[in-house]
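Here the structure comes first, spelled out in structure tokens, and everything after it is commentary.
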């Protein structure tokens, strides 16, 4: 009887049973024990980069706000900021198993066995971002993720974690056949959507306030996030936009399934490239009429019958753009609307008044402006009441006292804003005066501002607002004074 030959082969049936089904690419294998009737697959590089982009925008927004509000040493600030960002990442991944970007893109962090990671694993994968980020900028990290079977970065490899993509069951929404949109139709749809987006963006920017520096910073920092959300939301919730709906188009993944958030974010990021001549050429010559963003996101714009339920959502988008634009146009304090032509020409000069002070006299410890006087022409020609004619050169002089001294030095700055009678800004200048000098004895510092009225200056009351900053004490003072422009009762006729 022949002896049974020993081999190194093993029975792989137990290993194969760990997966729900076989696939050619191991990266597409499903994790066992799906949660909440959602299929979980390994997140692709496209998904990871879309989530990272959203997270980066959030970090930039957070950084911009804190850098304006918090005043501290630059090295201490950046060190504290990195610690806060790390803490927030640990908090989000510890509670939700995802950062905001991952959560929006349907991604979650899991251990290799599919279970939720512990605090130690989350800490390790986030600490190693310090190494992963430079490697990814040098493309080395991207190569590591691409070659890794589970698209893991170094932090994932060290922590034995993996990022998965959760797919909701949507088989009933997959059409039996797909008919691609035409290139000309897509251009028409894109033009309609661009007009609506520009109206929304203009209305948003009109909320920039001429004197609200913090509000302006928040609005500008949030602008990329707001525009991204505005363009992504209709495709995510409705599968279409106004332009696509009017042309009878709908967005799909190239396999017919509804588009994912990460795919829509990726294709949106390619819009600038798609608007270039090369992007238009790619759209025209593509067999499936895909633009560059579609090719990168694996999406396809297809012909489908119009879903009238989507019209309600599209109407809300239009109403939002219209209301925002209308509110912005009615904002009289808008930074964009208030910039009038340069019709007020100004020049500025300063000098220190020499004086003597008795030992018993006391200076005010409060920053103040005193002896404010309007005049016309040359210094000393005071005008009371301050009524001027179009074309005249006017000046105003005032004294500043109560400033701080540091090692015998005074340091003052002045801003000037002049408003027309209709409250528009005719002149807005910052740091027109920077007085920084050593004084033998502290006392009032006299400043003179000179400007020329245009020959066609409108009649009415003008408001001049001066802002004085004491750089040594950090104090700031605003003073507003009015002057009037009136045409002569009996003009000389040449």
Can you find a residue in the range 472-484 that is more than 22 Å from residue 370 (Cα to Cα) and outside any loop (DSSP other than H, G, I, E, B)? no
So residue 191 fits all but one of (1) outside the structural domain of residue 282 (by TED's automatic domain parsing); (2) surrounded by fewer than 20 Cβ atoms within 10 Å (Cβ to Cβ); (3) in contact (Cβ under 8 Å) with a residue 12 or more places away in the chain; (4) not in a loop (DSSP other than H, G, I, E, B); what number is the exception? (1)
Can you tell me which residue within the range 419-445, out of those that are at pLDDT 85 or above and buried (at least 17 other Cβ atoms within 10 Å of the Cβ), is nearest to the chain's Cα centre (by Cα)? 419
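Listed here are the residues, each with its yes/no results for (1) over 17 Å from residue 393 (Cα atoms); (2) outside the structural domain of residue 366 (by TED's automatic domain parsing); (3) assigned to a strand (DSSP E or B).
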site	(1), (2), (3)
414	yes, no, yes
418	no, no, yes
421	yes, no, no
428	yes, no, yes
435	yes, no, yes
440	yes, no, no
454	no, no, no
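Would you check if there is a residue in the range 100-112 being under 25 Å from residue 214 (Cα atoms) and touching a helix residue (DSSP H, G or I) at 6+ places or on another chain (Cβ under 8 Å)? Show your work before the answer.
Initially, the range 100-112 is screened for residues under 25 Å from residue 214 (Cα atoms), giving 100.
Next cut, touching a helix residue (DSSP H, G or I) at 6+ places or on another chain (Cβ under 8 Å) only: 100.
Taking every residue of the range 100-112 in turn, at least one turns out to be under 25 Å from residue 214 (Cα atoms) and touching a helix residue (DSSP H, G or I) at 6+ places or on another chain (Cβ under 8 Å).
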Wholly inside the range 40-107, helices (runs of 4 or more DSSP H) that include 2 or more residues that are over 20 Å from residue 129 (Cα atoms) and within 20 Å of the chain's Cα centre (by Cα) are 45-69
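I'm trying to understand the selection: among the residues of the range 267-278, which are within 19 Å of residue 101 (Cα to Cα) and part of a helix (DSSP H, G or I)? So that I can check it myself, show each step before the final result.
So in the range 267-278, the residues within 19 Å of residue 101 (Cα to Cα) come out as 267-270.
Across the range 267-278, the qualifying residues are 267, 268, 269.
Is at least one residue of the range 156-165 buried (at least 20 other Cβ atoms within 10 Å of the Cβ) and in a helix (DSSP H, G or I)? If you could, list the steps in order and put the result at the bottom.
Start the filter on the range 156-165 by keeping residues that are buried (at least 20 other Cβ atoms within 10 Å of the Cβ), which leaves 156, 159, 161-165.
Narrowing the set further to residues that are in a helix (DSSP H, G or I) leaves 156, 159.
Yes, the range 156-165 contains at least one residue that is buried (at least 20 other Cβ atoms within 10 Å of the Cβ) and in a helix (DSSP H, G or I).
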Note: among 264, 281, just one is without any contact (Cβ under 8 Å) to a residue 24 or more places away in the chain and outside any loop (DSSP other than H, G, I, E, B), namely 281
Out of all the residues in the range 395-405, is one or more in the same structural domain as residue 471 (by TED's automatic domain parsing), in contact (Cβ under 8 Å) with a residue 24 or more places away in the chain, surrounded by fewer than 19 Cβ atoms within 10 Å (Cβ to Cβ) and in a loop (DSSP other than H, G, I, E, B)? yes
Condition test on residue 112, is it in contact (Cβ under 8 Å) with a residue 12 or more places away in the chain, closer than 19 Å to residue 155 by Cα, over 24 Å from the mean Cα position of the chain (by Cα) and outside the structural domain of residue 258 (by TED's automatic domain parsing)? yes
Where residue 260 falls short, out of the listed (1) surrounded by 21 or more Cβ atoms within 10 Å (Cβ to Cβ); (2) in contact with a helix residue (DSSP H, G or I) (Cβ under 7 Å, 6 or more places away or on another chain); (3) modelled with pLDDT under 90: (2)
Quick one: which residue in 312, 373, 281 is modelled with pLDDT of 80 or more, over 24 Å from residue 262 (Cα atoms) and not assigned by TED's automatic domain parsing to the domain that holds residue 261? 373
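The values are calculated or read from the model by the stated rules, or taken from the named source; none is laboratory data. Since the structure is predicted, the reported quantities are computational estimates derived from the model, not experimental observations. Ideal geometry is used to build each Cβ from the backbone, glycine not excepted, and the neighbour counts take in all protein chains shown.
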